[in-house]
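Report on the following structure.
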Amino acid sequence: MTVTMTINGEDHVVDIAGPESLLTVLRNDLGLPGTKDACEQGECGSCTVEFDGQAVCSCLIMAADADGARITTVEGIGTEGALHPFQEAMLAEGGVQCGFCTPGIIVAGVHLLEENPKPSEIEIREALSGNICRCTGYGAILRAFETLPGDGV
Ligand code: FES
Ligand code: FES
């Protein structure tokens with residue numbers, strides 16, 4: 001079947017061969033490897049994307065169910081020369097170590113900030129509860145949020 005999705009503001013028409021996840025299609029068919037593939041069971045959050053206004057695990061969404069969806073991946077957040085303030089803050093505070101969790105945390109974090117520009121620590125922890133980081137202990141990630149001005153970034 002053919003599926004039409006708007007990804008990072010661009011329309012894509014994709015032929016779906018079978019029971020593929022959105023994660024697989026993003027990475028293998030659309031050349032968007034920023035969305036990471038780890039557990040494929042909805043446990044780690046490395047594959048987080050924004051899907052019709054919700055932060056979701058793309059490994060749990062069938063690509064066939066994404067017809068008409070508006071999706072933002074990490075490639076759609078900031079640019080190499082103009083990072084999103086949360087990306088800048090993550091770098092400045094050392095919230096990135098091995099980096100494997102980072103795209104999912106960036107997508108989930110930016111989604112949170114869009115809804116709540118100055119989240120409390122508990123709101124941040126709740127929003128990132130599905131994003132596992134093995135390296136940082138989360139302290140640097142929390143500090144990255146704290147450094148943001150809270151004026152709608
Ligand atoms: S790869 Fe999707 S939650 Fe782990
Ligand atoms: S920085 Fe390595 S898993 Fe988070």
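Annotation note: of Glu93, Glu123, the sole residue that is at pLDDT 95 or above and in contact with a Lys or Arg (Cβ under 6 Å, 6 or more places away or on another chain) is Glu93. In the condition set (1) touching a residue at least 24 places away in the same chain (Cβ under 8 Å); (2) under 15 Å from Cys133 (Cβ atoms), Cys39 is compliant with all but (1). Determine, yes or no, whether Thr35 is in contact with a Lys or Arg (Cβ under 7 Å, 6 or more places away or on another chain) and among the β-branched types (Val, Ile, Thr). Judged against the criteria, Thr35 is a match. Residue count for the range 1-48, restricted to those that are within 16 Å of ligand 1 (Cβ to nearest atom) and at pLDDT 95 or above: 26. Residues that are loosely packed, with under 14 Cβ neighbours inside 10 Å and part of a helix (DSSP H, G or I) within the range 1-32 comprise just one, Asn28. Lys36 fulfils the conditions (1) more than 21 Å from Gly150 (Cα to Cα); (2) surrounded by fewer than 15 Cβ atoms within 10 Å (Cβ to Cβ); (3) not assigned by TED's automatic domain parsing to the domain that holds Tyr138 except for a single criterion, (2).
The values are calculated or read from the model by the stated rules, or taken from the named source; none is laboratory data. The model shown is predicted, which means the values in this text are computed figures rather than measured ones. Cβ atoms come from the backbone with ideal geometry, glycine included; neighbour counts cover every protein chain shown.
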